[in-house]
Amino acid sequence: MPFSPSTFSPSRLLVVKLSSLGDVVHTLPLIEALRLGLGPEVHLAWAVRKAFAPLVINNPHLSAVHVLEEKSFSATLTFGKRLRAEHFDTALDPQGLFVSGLLTFLSGAPRRVGLDKNREANKLFLTEASIASTHRAHQVEKLFGFCDALGIPRLAPRVQHYLVGAAPREKTWVGCIIGASTPDKTWPLAHWKALVAELETRGLLPVLLGGPGAEAEAAAQVALSCGGCLNIAGKTKLPELAEALARCAVVIGADTGPLHLAVAVGTPVIGLYGVTDPVRTGPGWGPAPAVVLDAVEKEAPPESRRPRHGTIPDALARISVEAVLDAALRLLS
């Protein structure tokens, strides 16, 4: 039988959101809403993969963070036993995958709430697969469905101040997130080189950001064309990346984790879209101004797009340097 919010209130609550960077960031507003809605006496914990734990470990709304160190099945089972020892009475699964569902089940929580999508047979592990997730709405808004299930108010997303360092925002810093998780989401290097040159001529400092590997290599190529840009791509841990994003006056990037992290720390952003639907994963969910640039909206309606299945391979390449520069200058003014 489903639990009724009017008759059941959790005292020990687990949220299972293991990865990835963008998904973890999109869960931060839910965590804040849970804490404010349930009160300080409720034990609120988060289960997360090791790679993303530094982003949540100091979250003031959490009572505990449980870190899954490895991706092996045996490590997952051992981790589940650790969770079970915490005696959770409620577990939320906003991830909606097999491994997150399995951990939700292994936690031993008698109430296990998750999404209605049933990816990877996720529903098998839940007592309530009741959170609407297939409609066209932003991921942050969908996750607030867990507030409804618990009978607590939703909360307008606010700046995640614990991620913001003491350093002030630099009025001339323009963050440039070079690269993305897939080639379709990548703005061409020639465009980036032309943009940073234009920014420099206007007395602005391009700050090159991104992950290690191919993204860092791409940023290094852009840096060669700079007169004096700051290249920290691949050189920052997640807390340092969050602080760098918070120091920027504006951040430019595709639909990537670092762009959403910039939204979370309250930095104005310019999102380069064409592969994914900005209604579902756009940057407009935060408290700061956000601009979406999309050059193929008529040819590939956003509502028909699916992640990692770009219908127009050069969608981002069609976004002009002039359009990005104009948006940046407007946000900086």
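The table below lists the values:
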item: Number of the exception - Val296 against (1) within 16 Å of His191 (Cα to Cα); (2) surrounded by 15 or more Cβ atoms within 10 Å (Cβ to Cβ); result: (1)
item: Criterion (of a type outside the set (Ser, Thr, Tyr), open to solvent by 10 Å² or more (accessible area, probe 1.4 Å), over 26 Å from Gly271 (Cβ atoms) and modelled with pLDDT of 95 or more) met by exactly one of Leu34, Leu13, Leu38, Leu21; result: Leu38
item: Residues that are among the hydrophobic types (A, V, I, L, M, F, W, C) and either on the phi > 0 side of the Ramachandran plot or assigned to a strand (DSSP E or B) (or both), drawn from segment 126-135; result: Ala129, Ile131
item: Subset tally (residues that are of a type in the set (D, E, K, R), under 26 Å from Gly39 (Cα atoms), touching a helix residue (DSSP H, G or I) at 6+ places or on another chain (Cβ under 7 Å) and surrounded by fewer than 18 Cβ atoms within 10 Å (Cβ to Cβ)) for segment 56-113; result: 1
item: Residues within segment 75-125 that are part of a loop (DSSP other than H, G, I, E, B) and either without any contact (Cβ under 8 Å) to a residue 12 or more places away in the chain or farther than 19 Å from Val24 by Cα (or both), tallied; result: 11
item: Single residue of segment 245-267 satisfying the filter (in contact with a strand residue (DSSP E or B) (Cβ under 7 Å, 6 or more places away or on another chain), of a type outside the set (Asp, Glu) and open to solvent by 10 Å² or more (accessible area, probe 1.4 Å)) that is farthest from Ala51 (Cα to Cα); result: Ala249
item: When residues of segment 178-223 are limited to those that are open to solvent by 40 Å² or more (accessible area, probe 1.4 Å) and among the β-branched types (Val, Ile, Thr), the one modelled with the lowest pLDDT; result: Thr186
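The values are calculated or read from the model by the stated rules, or taken from the named source; none is laboratory data. For clarity, every value in this text was computed on a predicted model and none was experimentally measured. Positions of Cβ are generated from backbone atoms using ideal geometry, with glycine treated the same way; all protein chains shown enter the neighbour counts. Heavy atoms of the whole protein, side chains included, go into the accessibility calculation; ligands, DNA and RNA do not. Shrake-Rupley method; radii C 1.70, N 1.55, O 1.52, S 1.80 Å.
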